[in-house]
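The values are calculated or read from the model by the stated rules, or taken from the named source; none is laboratory data. These numbers come from a predicted model, not from an experiment. Virtual Cβ from ideal backbone geometry, glycine too; neighbours counted across all protein chains shown.
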Amino acid sequence: MTTLDQFNALLAAPEDGHLEFKEAKNRYDFEELVKYCVALANEGGGQMILGVTDMRPRRVVGSQAFTDLERTKQGLIERLHLRIEAQEFKHPNGRVLIFHAPARPIGMPIQYGGAYWMRAGSSLATMTPDMLKAIFAEASPDFSAEPCEKAKLTDLDPAAVEDFRGRWQKKSGNAGLAKLTYEQLLADAELLVDGQLNYAALILFGTRAALGKHLAQSEIIFEYRSTEGSVPYQQRLEYRQGFFLCYNALWSAINLRNDAQSYQDGLFRFEFPTFSEGVVREAILNAVGHRDYRLSGSVFVKQFPRHLEITSPGGFPAGITAENILDQQSPRNRRLAEAFARCGLIERSGQGMNRIFEETIRQSKPLPDFAGSDPTTSG
């Protein structure tokens, strides 16, 4: 339950998708309270506070609404089938009511009165189709693990598979991997299940012809522009092939124009590259591993003299935001993430962004900027 110190912190906090204030001095409409609890739950949970002015600086004015708080709480639970907690807070300036709405279940938006409610400024609005689609997609199965019914072993490039085998053997120290048949290696990596290739196998090892036939959107497009404001590109490369066939070539294209930066430390001058190989590889792995392959767009890597832009179709995975990206993990394509971890390209799922931040801080470079991200694209 909320303490006085916590309550004072709430008074100073900005109203957002997780916090709502209403004066409600004498009464408050129960149906409106239900809708606000729905909106808070749909946006990840939060608190509805009555008896406080909604404009900053906020003041406690006290509220006489819902005198039978237990009955109100029971009514909320009956309407929403969510555990809404209700607290009567005794403030020196008056009675305050705090309703705690939990986050909605994964993949399940909450509706009331025939509508899915969300916050819109200081009022309510119905959720947009794009928002509902993103919520429903949270509970969808792992696309990368789904079988590609028409794909055959001949659709995979043997050189890409052998690169994966070598990396996996080195990472695990298991010499027995070298003796496995082609099919058994793929089966042990869960890329061939019951004799059927899944989409992860194509994304990792597919030939250009195979991807063009079965998953044309699985491609990485590289563009270089010599100035920040340049609309036309000076170079464009399209990699529509398995990731293990192009990741080294992509880094080589970036490194071709990777100028050295320098800094002075006392009597000594040190140099470091504009683009760190470790950071760039992690960012590209993140884009490939977390993109939504059900969307038709491509992964774009745009290089400028002093910065790199990487965009990936699908927005952030469920539950991930720019604010919690270092603390939370939610692999959109678990089979891909597991394959990357097996062969040492990533340490484990969810750690890539931490490594990117650590290295950029160590080199005193600007931190990653997610300002271009939206529900359909992450970048």
* Asked: Looking at segment 41-57, which of its residues are touching a strand residue (DSSP E or B) at 6+ places or on another chain (Cβ under 9 Å) and surrounded by fewer than 17 Cβ atoms within 10 Å (Cβ to Cβ)?
  -> G45, T53, D54, M55
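Which is crowded, with 19+ Cβ neighbours inside 10 Å, over 20 Å from E359 (Cα atoms) and either of a type in the set (G, A, S) or not assigned by TED's automatic domain parsing to the domain that holds S330 (or both), of S296, S230, S218? Steps first, answer last, please.
Numbers: S296 fails: crowded, with 19+ Cβ neighbours inside 10 Å; S230 fails: crowded, with 19+ Cβ neighbours inside 10 Å.
Sole residue among the options that is crowded, with 19+ Cβ neighbours inside 10 Å, over 20 Å from E359 (Cα atoms) and either of a type in the set (G, A, S) or not assigned by TED's automatic domain parsing to the domain that holds S330 (or both): S218.
Suppose the filter is under 30 Å from L202 (Cβ atoms), crowded, with 17+ Cβ neighbours inside 10 Å, modelled with pLDDT under 95 and out of contact with any Lys or Arg (no Cβ under 7 Å at 6 or more places or on another chain); does F275 pass it? Step through it out loud before you land on a result.
Numbers: under 30 Å from L202 (Cβ atoms): yes; crowded, with 17+ Cβ neighbours inside 10 Å: yes; modelled with pLDDT under 95: yes; out of contact with any Lys or Arg (no Cβ under 7 Å at 6 or more places or on another chain): yes.
The answer is yes for F275.
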* **Selected residue (criterion: nearest to E190 (Cα to Cα)) from residues of segment 127-174 that are modelled with pLDDT of 95 or more and of a type in the set (V, I, T)** => V161
* To do: Answer yes if at least one residue in segment 58-66 is of a type in the set (D, E, K, R), surrounded by fewer than 18 Cβ atoms within 10 Å (Cβ to Cβ), in contact (Cβ under 8 Å) with a residue 12 or more places away in the chain and not assigned by TED's automatic domain parsing to the domain that holds E323, and no otherwise.
  => yes
* For segment 155-199, what are the residues that are under 30 Å from the mean Cα position of the chain (by Cα) and outside any helix (DSSP H, G or I)? -> L156, A189, E190, L191, L192, V193, Q196, L197, N198
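Filter segment 242-277 down to residues that are assigned to a helix (DSSP H, G or I) and either within 18 Å of T311 (Cα to Cα) or among the charged types (D, E, K, R) (or both), then give me how many there are. I'd like the intermediate steps shown before the answer.
If we filter segment 242-277 for residues that are assigned to a helix (DSSP H, G or I), which is where we start, we get 243-255, 277.
Of the ones still in play, those that are also either within 18 Å of T311 (Cα to Cα) or among the charged types (D, E, K, R) (or both) are 243, 246-247, 250-251, 253-254, 277.
Count: 8.
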* Asked: Only one of A260, A216, A249 is touching a strand residue (DSSP E or B) at 6+ places or on another chain (Cβ under 9 Å) and under 29 Å from A339 (Cα atoms); which?
  -> A249
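Within segment 1-43, track down each residue that is in a loop (DSSP other than H, G, I, E, B), modelled with pLDDT of 90 or more and within 27 Å of the chain's Cα centre (by Cα).
Taking segment 1-43 first, the residues in a loop (DSSP other than H, G, I, E, B) are 1-3, 13-15, 17-18, 23-29, 43.
Checking the rest, the ones that are also modelled with pLDDT of 90 or more come to 23-29, 43.
Across segment 1-43, the qualifying residue is only E43.
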* Asked: Looking only at segment 248-303, which residues are over 21 Å from P317 (Cβ atoms) and of a type in the set (D, E)?
  -> D259, D265, E271, E277
* **Residue count, segment 131-174 (criterion: of a type in the set (D, E), free of Cβ contacts under 8 Å to residues at least 60 places away in the same chain and either farther than 22 Å from Q217 by Cα or in contact with a Ser or Thr (Cβ under 7 Å, 6 or more places away or on another chain) (or both))** => 2
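Determine whether L202 is assigned to a helix (DSSP H, G or I) and either on the phi > 0 side of the Ramachandran plot or not assigned by TED's automatic domain parsing to the domain that holds L345 (or both).
Details: assigned to a helix (DSSP H, G or I): yes; either on the phi > 0 side of the Ramachandran plot or not assigned by TED's automatic domain parsing to the domain that holds L345 (or both): no.
No; evaluated as a whole, the condition is false for this residue.
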* Looking only at strands (runs of 3 or more DSSP E) that fall completely inside segment 48-142, which ones have 3 or more residues that are within 33 Å of the chain's Cα centre (by Cα)? -> 94-101, 117-120, 123-126
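Criterion first (among the aliphatic types (A, V, I, L, M) and over 28 Å from the mean Cα position of the chain (by Cα)) does L245 satisfy it? Steps first, answer last, please.
Values: among the aliphatic types (A, V, I, L, M): yes; over 28 Å from the mean Cα position of the chain (by Cα): no.
No.
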